[in-house]
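Presented below is the structure to which this report refers.
Just so you know, all these numbers are worked out from the coordinates, no wet-lab data involved. Everything numeric in this text was worked out from a predicted model, so none of it was measured. Cβ placement follows ideal geometry from the backbone for every residue including glycine, while neighbour counts extend to all protein chains displayed.
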Amino acid sequence: MTDSQNKTLKAKKSEGYIASIWRRMKRNKRAMLGLTFVVFMLIVALLSPLIANNKPILCKYKGQLYAPGIVEVFQSRGYGHHWIKKSEPFNQPSFDIREALKQDKIDNPDDSWALWPVIPYGELEINEDVAWPCPPSKVHLMGCDGMGRDLAARMVHGTSVAAQVGFISMGIAALIGIIVGGAAGYWGGWVDIAICRIIEIVMCFPVFFLILTIMVWLEPSINNVMIVLGLTRWTGIARYTRAEFIRHRNSDYVLAARSLGIGHIRIMFRHILPNSLAPVMVTLTFGIAGAIMTEAGLSYLGFGVQPPSPSWGNILRMAADPDYVRNAPYLMVPPCVCIFLAVLSYNLVGDALRDAIDPRLRNAG
């Protein structure tokens, strides 16, 4: 064996578990394409007020520097709103920023400027200068909906809703599934039997119709959608976690921890859980795709995010009106394409992650 082969063999032996998974995933071009879109979608969701807003990101008004768009990022995300305040006069609802900056530019041509977002329209802003709905143009990249709101701005802010629903709802589902599945797999016996029967009962109900039934009794809102999705999608995570805990509970390192007098809770969540997360992460990836699809369906039916707040589902609901289908079919294209690409991307990443974790394919990688 040559020196180069020896070095390669040593590198593979010293390679960590996560690094080996990432190395195998990088070889999957479809997974990398899906991961790129997922990262792009998360960036758009996080920075949506800097991408589509009727306030400038930075501006110089009457000789002073303001950052209304950056302040909007903190306030719209729910953090920093106590200590990051909008400055005068930008905090006044009646203050017309565009007209004020235009007038200031006339009065102070050398000391007045503004850096506007790529889409200089708010998601709720009604544009009086165009006929409703209007087709895509240089001014309105995706056109305007039937109420005169810029469709591109609404799609950008709808991305935030999709990201929130996907990650927060599956975070709730993961918390429940890991605790319930871990308890069943670690303790076994009657605990395992009782939890398995509960899982089977929950799985008997069609998830979407179960969610619809629950949402009938709740006020339609994004928070209720996330909670209901989390409370109905934990069963798959619980089953995978249970199987992994059963596989690890009699391992040498667990027996050694017990012999040292370490408590059961610490063994479960400090020792076994980190070694059981790989299949759970695959389930979470597919779950996020399913949550985005379910939220879009609920909003389309009127049980999800309520207008005027934008989400891909309620944007599609308005576009599906028979009058708009006949006269403005272009309104249906953006939400359909975004929902399709988001679900496809998460599924591609989930497929690649599952293949990279599969021990039967590890030697082939």
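Miscellaneous remarks
- At least 27 Å along the helix axis (C-alpha) and Kyte average at least 1.0, DSSP helices within the chain: 151-187, 277-301, 333-357
- Compactness of the chain is given as radius of gyration and Dmax, 25.5, 80 Å, from Cα positions.
- Taking the chain as the region of interest, the number of lysine pairs whose Cα atoms are within less than 20 Å, with members eight or more places apart or on different chains, is 15.
- Considering only beta bridges that DSSP places wholly inside the chain, some 90 percent are antiparallel.
- Computed [θ] at 222 nm, deg cm²/dmol, the chain (DSSP H ≥ 4; -39,500 (n - 2.57); rounded to nearest 500): -20000 deg cm²/dmol
- Highest mean first, the peptides 304-317, 131-144, 92-105, 157-170 sorted by other C-beta atoms within 10 Å per residue fall in the order 157-170, 304-317, 131-144, 92-105.
- Highest-first arrangement of 44-54, 263-273, where packing means the average Cβ count within 10 Å: 44-54, 263-273
- The stretch 50-174: C-alpha gyration tensor shape, a/c 1.5 cut-off, then a/b vs b/c: oblate
- log₁₀ of I(q)/I(0) at q = 0.14, 0.27 Å⁻¹ - the stretch 54-116, Debye sum with one point per alpha carbon: -0.39, -1.20
- Put in order of Cβ neighbour count within 10 Å, fewest first, the listed residues TYR253, TYR346 become TYR253, TYR346.
- Between the amide H of TYR61 and those of TYR66, distances stay under 5 Å, these residues lying 5 or more places away or on another chain, with hydrogens modeled in the peptide plane.
- Translational diffusion coefficient of the stretch 106-212 (Stokes-Einstein, Kirkwood radius from Cα pairs, 4 °C, 1.567 mPa s): 69 µm²/s.
- Between the C-alpha center of the stretch 89-129 and that of the stretch 315-356 there is a gap of 33 Å.
- The chain - percent relative contact order, Cα under 8 Å, separation 6 or more: 19 percent
- Cα-Cα separations in the stretch 153-361 greater than 27 Å, expressed as whole percent: 41 percent
- Magnitude of the charge dipole for the chain, about its Cα centre and with charges confined to Cβ atoms of Lys, Arg (+1) and Asp, Glu (-1), is about 2020 debye.
- Principal axis extents of the Cα atoms in the stretch 186-309, from largest to smallest and rounded to whole angstrom, are 59, 27, 21.
- P(r) tail fraction, the stretch 246-365 - alpha-carbon pairs more than 22 Å apart, %: 58 percent
- Computed over the stretch 153-361: relative contact order in percent, which uses C-alpha pairs under 8 Å that are six or more apart: 27 percent
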